[in-house]
Structure formats: C-alpha cells, structure tokens
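Everything on this sheet refers to the single structure shown next.
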Amino acid sequence: METIRLGQNGVAVTPLCIGTWAWGDKLFWNYGNNYGAEELENAFKAALDAGVTFFDTAEVYGTGLSEKYLGEFLKQANKPVQIATKYAPLPWRVTGTAVKDALTASLHRLRVEQVDLYQVHWSFAFLMSQHTLMNALADEVQSGRIRAVGVSNYTAEQMREAQQILARRGVPLAVNQVRYSLLSRQVESKGIIETARELGVTILAYSPLAQGLLTGKYAANNNTIPTGARKVDPRFRPEGLRKIEPVISLLRQIGDKYGRTPAQVALNWLICQGNVIPIAGVKTAQQVVQNVGALGWRLSHEEVTELELATRDWLN
Ligand SMILES: NC(=O)c1ccc[n+]([C@@H]2O[C@H](COP(=O)([O-])OP(=O)(O)OC[C@H]3O[C@@H](n4cnc5c(N)ncnc54)[C@H](OP(=O)(O)O)[C@@H]3O)[C@@H](O)[C@H]2O)c1
C-alpha cells in the first residue's frame, strides 16, 4: 500500500483513514443496538488485512470507549498501526497541564506510550489561549509522547495562527481535520483547502460519505431508516434525500464504468483533490472492505470536474 506523509515530511500513513467515532458511541450512532464489540473488532482486522493501518479517534468518542476498543484491538495487531486522537478543549481546561493530563488518559486507554497524531478537536478553547495550547502540544512533541500535532475544525486564519505559534517551537502543523465531502464543500469556498496547501498542512476529510448519504443506500423511494441522531437530520428526510438524487445517480453512472459503488467514487473524488485523506467512519468489516475499494484507481480529470459541477450547491 502506498503511504502519504502528514504535513511536511511527517508521519507516513495510508491514503485512507478509518474513523472510529461510532465505536462505543450510543448518543449519536446508537452503538449496542445493531452493532457491537464483535463487529468493531472484525472491522479493525479487516482494515489491517487490507493494508489500511491509519485510525482516527478522540477522547470524547463514546466518552473514551472508542480509544479503549482501539487499545484492545491494537494489542493483537500484527503490524504497525498509526493512531490519531484528539484533545477536547473543554471550558474547565484552562492551563497547559490540562493538555498533559488529557494526553496521559488517552495514552492509557489506547495502551500505548506515543500517538502518531494529536489533534485539537475544535478551535474554541474558552479561557485557554491558542498560545498556551500550542505550546503545551509542542512540549509533548519534545517529550516524545506525540509524533505530530494537528488541529480540527479550524478556519484558514486559525490554522495559520496555530502554524505560526508551533513554528516558533520548530514543530510543524501536520493536519487540519475538517468536514469535507461532495455534499460539504464549504472548506473549498472558505479558503481552507488553499491555505492548507500553502502551509504544507494535510487535510483529513471527516464525514467523507456525508454520514452514509453518499453510499446511496438512504433514498426517498426505499425504507432504509438511519439509526441514531440522523433520524432527525433533515438531510435524511424524503425532501433532503430527493435533493441529492442527481448526485447519487451520477456517482452510480461513473461507478458503473469502473465496477465501483457510489461510496467508492465519493471517496476517490476526495483523494483526487490531492493533499486530502478521507476518514471513512465504519461499523463493520463489510464497510471497511467496500471503502478500501476507493484505493488503487483514479477517476479521470473529466469525471472529477463533472462531480464538482453537480455539487456546486454544496460549496456554501
Ligand atoms: N473532527 C471532528 O469534529 C469530526 C466530526 C465528525 C467525524 N469525525 C471523524 O471522521 C470519521 C468519519 O465521519 P462520520 O463517521 O461522521 O461519517 P462518514 O464516514 O461520512 O459516514 C460513516 C457512516 O456511513 C455508513 N457507512 C460507512 N461506510 C459504508 C459503506 N461502505 N456502505 C454503507 N454504509 C457505510 C455507516 O453508518 P450506517 O451503516 O449506520 O449508515 C458509517 O457509520 C468519524 O468516525 C471520526 O473519526 C471527526
């Protein structure tokens, strides 16, 4: 499997990342109802079998359960795995020590001494300044507990500021993890993609399948009802589903030429942007296998453009 370096010459990872928000999360994803620990372990193994070794988690996912599962599965892994996790800038976390303590707890749950990437989950840090936050992260790079620093949900300006503070400590900003898919292209219109390229920051695209919409399995003319919080999301209601029909139909049409599914085409479109690694959220081994089918081939330049034109409405 080819690898990509995060940021400027950072950690080498696979061109697809496996998202683990749903691993133990009852609140949004309804964990424990139609999937459980066994499915997750099989999903983990399927990723490794397919050569995908990059996983994204966060301390808040399943209030720590996602990291715990990964830690358990990692113990049985027979090859090196790259783990990205996230620090939550919660209101009561006001000093640099909070970063240190949160990282200690994450490392404990993950049963490792170092993570490959440690990201700030969102930009608003309440009473902690970005200066304090970035310096605390730089300290952890120096102490060897994290290999690379990332941010998430940062605007172009916030990303630039974080990059500058870290640069003073000789630490590169490796990634900005943002919502990005054919149905969420605001990062393009808001200059985040362009600024990341300029700064040498890799984009990790979260919700690359628009939480399942781009698989085409949720449609106005069938009875597939999403689980969990998506039930109240207007995008999953008949009107929302009808709006995306032309996009799904184009994904199918293009996919048919390659013997690929809409999900695989949607992930491939992100990869074709360059400097972008999609983080596909999965619950089962089957989903892993299908999503890995987004690798090893490429849409033509014309097809990339055609998809861009069909999703102009999602730029804003
Ligand atoms: N930094 C942040 O603020 C942030 C925010 C959100 C997510 N993330 C990260 O990004 C990851 C991915 O985002 P996401 O989970 O929101 O959305 P996503 O990857 O767009 O969609 C994931 C969901 O789509 C369905 N799915 C996935 N692959 C499929 C396949 N091949 N066939 C059919 N259905 C499939 C599954 O749900 P069903 O089977 O139930 O439909 C799965 O849970 C997360 O796990 C997390 O690591 C980060």
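The values are calculated or read from the model by the stated rules, or taken from the named source; none is laboratory data. Note that the structure is predicted; figures quoted are calculated from it, not measured. Because the Cβ atoms are built from the backbone with ideal geometry, glycine has one as well, and the counts that use them run over all protein chains shown.
Would you call G240 of a type outside the set (S, T, N, Q), crowded, with 18+ Cβ neighbours inside 10 Å and either free of Cβ contacts under 8 Å to residues at least 60 places away in the same chain or within 11 Å of the ligand (Cβ to nearest atom) (or both)?
It is false that G240 is of a type outside the set (S, T, N, Q), crowded, with 18+ Cβ neighbours inside 10 Å and either free of Cβ contacts under 8 Å to residues at least 60 places away in the same chain or within 11 Å of the ligand (Cβ to nearest atom) (or both).
Could you count how many residues in the stretch 243-276 are crowded, with 19+ Cβ neighbours inside 10 Å and of a type in the set (F, W, Y)?
1
Considering every residue within the stretch 143-154, establish whether at least one is in contact with a Ser or Thr (Cβ under 7 Å, 6 or more places away or on another chain) and assigned to a loop (DSSP other than H, G, I, E, B).
Taking every residue of the stretch 143-154 in turn, at least one turns out to be in contact with a Ser or Thr (Cβ under 7 Å, 6 or more places away or on another chain) and assigned to a loop (DSSP other than H, G, I, E, B).
Which members of the stretch 101-130 meet the condition of being among the acidic types (D, E) and either on the phi > 0 side of the Ramachandran plot or surrounded by fewer than 20 Cβ atoms within 10 Å (Cβ to Cβ) (or both)?
D101, E113
Can you tell me which residue among Q142, Q177 is in contact with a Lys or Arg (Cβ under 9 Å, 6 or more places away or on another chain) and within 14 Å of T202 (Cβ to Cβ)?
Q177
Test each condition in (1) crowded, with 22+ Cβ neighbours inside 10 Å; (2) touching a residue at least 60 places away in the same chain (Cβ under 8 Å); (3) closer than 30 Å to Q163 by Cα for A43 and report the one that comes out false.
So A43 meets the others, but not (3).
Being surrounded by fewer than 20 Cβ atoms within 10 Å (Cβ to Cβ), closer than 17 Å to T14 by Cβ and free of Cβ contacts under 8 Å to residues at least 12 places away in the same chain is the requirement here; does G296 meet it?
Criteria met by G296.
Of the residues W297, W269, which single one is in contact with a strand residue (DSSP E or B) (Cβ under 9 Å, 6 or more places away or on another chain), closer than 20 Å to A205 by Cα and among the hydrophobic types (A, V, I, L, M, F, W, C)?
Going through W297, W269 in turn, the sole match is W269.
For L309, are the conditions met, namely being touching a residue at least 12 places away in the same chain (Cβ under 8 Å), farther than 19 Å from V178 by Cα and either assigned to a strand (DSSP E or B) or not basic (K, R) (or both)?
Judged against the criteria, L309 is not a match.
Of the numbered conditions (1) buried (at least 16 other Cβ atoms within 10 Å of the Cβ); (2) within 16 Å of the ligand (Cβ to nearest atom); (3) assigned to a helix (DSSP H, G or I), I279 satisfies every one except a single condition; which is it?
(3)
If I go through the stretch 13-40 residue by residue, how many of them are out of contact with any Phe, Trp or Tyr (no Cβ under 9 Å at 6 or more places or on another chain) and touching a residue at least 24 places away in the same chain (Cβ under 8 Å)?
Here the count works out to 6.
Going through Q253, Q177, Q264, Q211 one at a time, which residue ends up being within 24 Å of E2 (Cα to Cα), in a helix (DSSP H, G or I) and modelled with pLDDT of 95 or more?
Q264
Name the pairs whose Cβ atoms lie under 7 Å apart, with the first residue in the stretch 221-232 and closer than 15 Å to A22 by Cα and in a loop (DSSP other than H, G, I, E, B), the second more than 8 Å from the ligand (Cβ to nearest atom) and modelled with pLDDT under 90, and 6 or more positions between them or separate chains?
Note: no pairs meet the criteria.
Of the residues in the stretch 71-98, how many are over 23 Å from N176 (Cβ atoms) and buried (at least 20 other Cβ atoms within 10 Å of the Cβ)?
Total satisfying the criteria: 1.
Restricting to the stretch 164-211, what's the tally of residues that are surrounded by fewer than 19 Cβ atoms within 10 Å (Cβ to Cβ) and more than 14 Å from A148 (Cα to Cα)?
Residues in the stretch 164-211 being surrounded by fewer than 19 Cβ atoms within 10 Å (Cβ to Cβ) and more than 14 Å from A148 (Cα to Cα): 11 in total.
Which condition does E302 not pass, out of (1) within 16 Å of the ligand (Cβ to nearest atom); (2) closer than 24 Å to R197 by Cβ, if it passes all the others?
For E302, the failing item is (1).
(1) in contact with a Gly (Cβ under 7 Å, 6 or more places away or on another chain); (2) touching a residue at least 60 places away in the same chain (Cβ under 8 Å): which one isn't true of A205, the others all being true?
(1)
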